[in-house]
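The structure appears below as structure tokens.
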Amino acid sequence: MLRCVVAVLVAVLMLAGAMLPAFAQQRPFPANALRGELLVQQPPEVTLNGQPARLAPGARIRGENNLLVLSGALAGQKLTVHYTVDTYGLLLNVWLLSAEERARQPWPRNAAEAASWRFDPAAQTWSKP
């Protein structure tokens with residue numbers, strides 16, 4: 001009897017563990033992350049919102065599954081991203097957005113918008129005043 005209860009409990013826990021990634025879909029973005037269009041040319045050279053930009057020497061690019069992606073694998077692709085910059089203005093963190101994340105509106109595209117809008121880190125949403 002005890003073995004049956006343990007076996008059922010283990011099966012339930014395994015099923016719950018398999019379903020956990022479905023519930024943890026929302027990635028947390030920092031309040032200083034801006035949205036933009038990124039075109040990777042020849043790394044570290046990129047175009048951000050139509051302007052020349054550069055990846056920082058330690059830049060992290062995360063795919064839709066939140067795993068690291070090499071910049072060379074993205075060459076020639078135009079992508080909607082969230083990004084942060086370092087103190088020198090170089091791209092430091094880049095997140096490739098999923099369709100659900102791209103649909104989340106509004107999201108600031110420049111520092112002036114981010115300074116005047118309100119960010120809710122728990123809901124990962126911005127609201128205009």
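Being of a type in the set (K, R) and under 15 Å from the mean Cα position of the chain (by Cα) is the requirement here; does R118 meet it?
no
Among the residues of region 91-113, write down those that are surrounded by fewer than 18 Cβ atoms within 10 Å (Cβ to Cβ), in contact (Cβ under 8 Å) with a residue 40 or more places away in the chain and not in a helix (DSSP H, G or I).
Of everything in region 91-113, those that are surrounded by fewer than 18 Cβ atoms within 10 Å (Cβ to Cβ), in contact (Cβ under 8 Å) with a residue 40 or more places away in the chain and not in a helix (DSSP H, G or I) turn out to be R109, N110.
Whether any residue in region 28-36 is in contact with a Leu (Cβ under 7 Å, 6 or more places away or on another chain) and either modelled with pLDDT of 60 or more or within 15 Å of L79 (Cα to Cα) (or both) is what I want to check.
Within region 28-36 (the criterion being in contact with a Leu (Cβ under 7 Å, 6 or more places away or on another chain) and either modelled with pLDDT of 60 or more or within 15 Å of L79 (Cα to Cα) (or both)), the answer is yes, since at least one residue qualifies.
Yes or no: region 16-25 includes at least one residue that is at pLDDT below 95 and touching a helix residue (DSSP H, G or I) at 6+ places or on another chain (Cβ under 9 Å).
Yes, some residue in region 16-25 is at pLDDT below 95 and touching a helix residue (DSSP H, G or I) at 6+ places or on another chain (Cβ under 9 Å).
Going by the conditions given, is P57 part of a loop (DSSP other than H, G, I, E, B) and either at pLDDT below 95 or more than 17 Å from F29 (Cα to Cα) (or both)?
no
The values are calculated or read from the model by the stated rules, or taken from the named source; none is laboratory data. Note that the structure is a prediction, hence the values are computed from the model and not measured. Every residue, glycine as well, gets a Cβ built from its backbone with ideal geometry; the counts of neighbours run over all protein chains shown.
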